[in-house]
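*Asks:* Encoded as structure tokens, here's the structure I'll be asking about.
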Amino acid sequence: MDIAALLKDLVDRGVADIFIITGSPISYKIGTLIESLDDKSLLPSDTEDLITQIYQFAGNRSMDAIREKGDDDFSFAIKGVSRFRVNTYKQRGTYAAVIRIVSFVLPDPEALNIPPAVMDLADLKRGMVLITGPAGSGKTTTLAALIDRINNNRNAHVITLENPIEFLHRHNKSLISQREIAIDTQNYSNALRAALRESPDVILIGEMRDPETISIALTAAETGHLVLSTLHTVGAVNTVDRLVDSFRAEQQAQVRMQLSMVLQSVVSQQLLLATDGSMIPAFEIMHCIPAIRNLIREGRTHQMSAVINTSAAEGMVGMDASLLALYKSGKISQQEMVMHALAPETILKQAKA
């Protein structure tokens, strides 16, 4: 099977993800539904052939990582078709892959329903902004939109540290240095430490996975850089708790103090099935006003939700308020609203009021 022809066909169909797994037909995801391409189940030799072709498209990338470690992350592009983010892995002793289709075109915030309050964060000059949410919620897309706005409006040096690189940014008003983990640099912490010596104005960290990376990122934000990053958390409360809990108990007071000083905003997003069959995001937006900074510093993060829900005048919105607004405007169903709510019973009462 010709993988290039297959990928082009699925891109034309508007597919989001492609699944190549032994014992199942090639499958793909549109919206939230997974469908089969045909009724032909793949044999181990079929999946190995397809995945070998993928590695060839990725600049004849070595397959040592998947052979020795059991999984691998990388990206590649087919001219005139699209970019692709790939995770290859072993399952039951055979090769498998999940391929995310990434458009060559940078995201249009308005078309993707990213609110102005989120996009305005690109105008910040220093501090830390976190985009959070579960896997597949569009965090990378939101970050790409923010970088594109900076690139179009600001004279700056932007360094992105990604694993892998998805959206490609061309130099515009800003200079953009995009570094891919394991290809251009060893790991996030090394790349971030080096970035501080590369005269950055803005640093994008694809994901803060360990205390060392978080610590360096906090220092970068303290020293006058704008740091953008992601976490796999839902809600500002969980995000702050996750960051602090990444450190040993004796370090946590210091981390809370640093966070209270450098954190500017936390945006949490979820991707929902709209009533018209498309996907639509819901956003929680928290800005670090003095009341929020005090709660972070004092370790009373459980009280942050109350401040978010009563601070609409400061541009904040809670996740459940965002979901309720989408439901009342007819954009999502009641079932979808309740399924993604932080307080399902409460939001259901509000919807019926």
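*Asks:* Identify, please: which residue in the stretch 171-187 is touching a residue at least 24 places away in the same chain (Cβ under 8 Å) and part of a strand (DSSP E or B) and is, among those, farthest from Val81 (Cα to Cα)?
*Replies:* Ranking the qualifying residues of the stretch 171-187, first place goes to Thr185.
*Asks:* Given the criterion under 27 Å from Asn155 (Cβ atoms) and among the aromatic types (Phe, Trp, Tyr), identify the matching residue among Phe104, Phe74, Phe84.
*Replies:* Phe104
*Asks:* OK, next. Could you grab me the full set of residues in the stretch 250-267 that are assigned to a strand (DSSP E or B), among the polar types (S, T, N, Q) and either out of contact with any helix residue (DSSP H, G or I) (no Cβ under 6 Å at 6 or more places or on another chain) or loosely packed, with under 15 Cβ neighbours inside 10 Å (or both)?
*Replies:* If the condition is that a residue be assigned to a strand (DSSP E or B), among the polar types (S, T, N, Q) and either out of contact with any helix residue (DSSP H, G or I) (no Cβ under 6 Å at 6 or more places or on another chain) or loosely packed, with under 15 Cβ neighbours inside 10 Å (or both), then Gln264 is the only one that fits.
Residue-wise test of (1) surrounded by fewer than 21 Cβ atoms within 10 Å (Cβ to Cβ); (2) assigned to a helix (DSSP H, G or I).
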{"residue": "Lys125", "(1), (2)": "yes, no"}
{"residue": "Met128", "(1), (2)": "no, no"}
{"residue": "Ala135", "(1), (2)": "yes, no"}
{"residue": "Thr142", "(1), (2)": "no, yes"}
{"residue": "Asp148", "(1), (2)": "no, yes"}
{"residue": "Asn151", "(1), (2)": "no, yes"}
{"residue": "Asn155", "(1), (2)": "yes, no"}
{"residue": "Val158", "(1), (2)": "no, no"}
{"residue": "His169", "(1), (2)": "yes, no"}
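*Asks:* On to the next question. Within the stretch 188-213, how many residues are surrounded by fewer than 16 Cβ atoms within 10 Å (Cβ to Cβ), assigned to a loop (DSSP other than H, G, I, E, B) and free of Cβ contacts under 8 Å to residues at least 24 places away in the same chain?
*Replies:* Counting residues in the stretch 188-213 that are surrounded by fewer than 16 Cβ atoms within 10 Å (Cβ to Cβ), assigned to a loop (DSSP other than H, G, I, E, B) and free of Cβ contacts under 8 Å to residues at least 24 places away in the same chain gives 1.
*Asks:* Filter the stretch 1-36 for residues that are polar (S, T, N, Q) and assigned to a strand (DSSP E or B); which is surrounded by the most Cβ atoms within 10 Å (Cβ to Cβ)?
*Replies:* Here the answer is Ser27.
*Asks:* Restricting the search to the stretch 84-105, which residues are part of a loop (DSSP other than H, G, I, E, B) and either touching a strand residue (DSSP E or B) at 6+ places or on another chain (Cβ under 9 Å) or not aliphatic (A, V, I, L, M) (or both)?
*Replies:* Scanning the stretch 84-105 gives Arg92, Gly93, Ser103, Phe104.
*Asks:* Let me ask something else. Take the conditions surrounded by 19 or more Cβ atoms within 10 Å (Cβ to Cβ) and either modelled with pLDDT of 95 or more or of a type in the set (Ser, Thr, Tyr) (or both) and apply them to Ile176. Does it pass?
*Replies:* Yes; evaluated as a whole, the condition is true for this residue.
*Asks:* Among the residues in the stretch 277-287, are any closer than 19 Å to Ser215 by Cα, surrounded by 15 or more Cβ atoms within 10 Å (Cβ to Cβ) and in contact (Cβ under 8 Å) with a residue 12 or more places away in the chain?
*Replies:* No: the stretch 277-287 contains no residue that is closer than 19 Å to Ser215 by Cα, surrounded by 15 or more Cβ atoms within 10 Å (Cβ to Cβ) and in contact (Cβ under 8 Å) with a residue 12 or more places away in the chain.
*Asks:* From the list Gly235, Gly299, exactly one residue is in contact (Cβ under 8 Å) with a residue 12 or more places away in the chain and farther than 24 Å from Asp120 by Cα. Which is it?
*Replies:* Going through Gly235, Gly299 in turn, the sole match is Gly299.
*Asks:* With under 22 Å from Ile147 (Cβ atoms) and surrounded by 11 or more Cβ atoms within 10 Å (Cβ to Cβ) as the only criterion, which of Ile66, Ile101 stands out?
*Replies:* Ile101
*Asks:* Do we have any residue at all in the stretch 311-329 that's surrounded by fewer than 19 Cβ atoms within 10 Å (Cβ to Cβ), part of a loop (DSSP other than H, G, I, E, B) and either among the aliphatic types (A, V, I, L, M) or outside the structural domain of Ile216 (by TED's automatic domain parsing) (or both)?
*Replies:* No, the stretch 311-329 contains no residue that is surrounded by fewer than 19 Cβ atoms within 10 Å (Cβ to Cβ), part of a loop (DSSP other than H, G, I, E, B) and either among the aliphatic types (A, V, I, L, M) or outside the structural domain of Ile216 (by TED's automatic domain parsing) (or both).
*Asks:* Scan (1) farther than 17 Å from Leu226 by Cβ; (2) touching a helix residue (DSSP H, G or I) at 6+ places or on another chain (Cβ under 6 Å) for the single condition Val102 breaks and write down its number.
*Replies:* In the conditions (1) farther than 17 Å from Leu226 by Cβ; (2) touching a helix residue (DSSP H, G or I) at 6+ places or on another chain (Cβ under 6 Å), Val102 misses (2) alone.
*Asks:* Restricting attention to the stretch 268-310, which residues are part of a loop (DSSP other than H, G, I, E, B), touching a helix residue (DSSP H, G or I) at 6+ places or on another chain (Cβ under 9 Å) and farther than 18 Å from Ala341 by Cβ?
*Replies:* Selection gives Cys288, Ile289, Glu298, Gly299, Arg300.
*Asks:* So Gly224 fits all but one of (1) buried (at least 20 other Cβ atoms within 10 Å of the Cβ); (2) assigned to a loop (DSSP other than H, G, I, E, B); what number is the exception?
*Replies:* Condition (1) is where Gly224 drops out.
*Asks:* For the stretch 272-284, check the following and say yes or no: at least one residue is of a type in the set (A, V, I, L, M), farther than 26 Å from Ala16 by Cβ and modelled with pLDDT of 95 or more.
*Replies:* Scanning the stretch 272-284 turns up no residue that is of a type in the set (A, V, I, L, M), farther than 26 Å from Ala16 by Cβ and modelled with pLDDT of 95 or more.
The values are calculated or read from the model by the stated rules, or taken from the named source; none is laboratory data. Because the structure is a prediction, the values reported are computed rather than measured. No Cβ is skipped: glycine too gets one built from the backbone with ideal geometry, and neighbour counts run over all protein chains shown.
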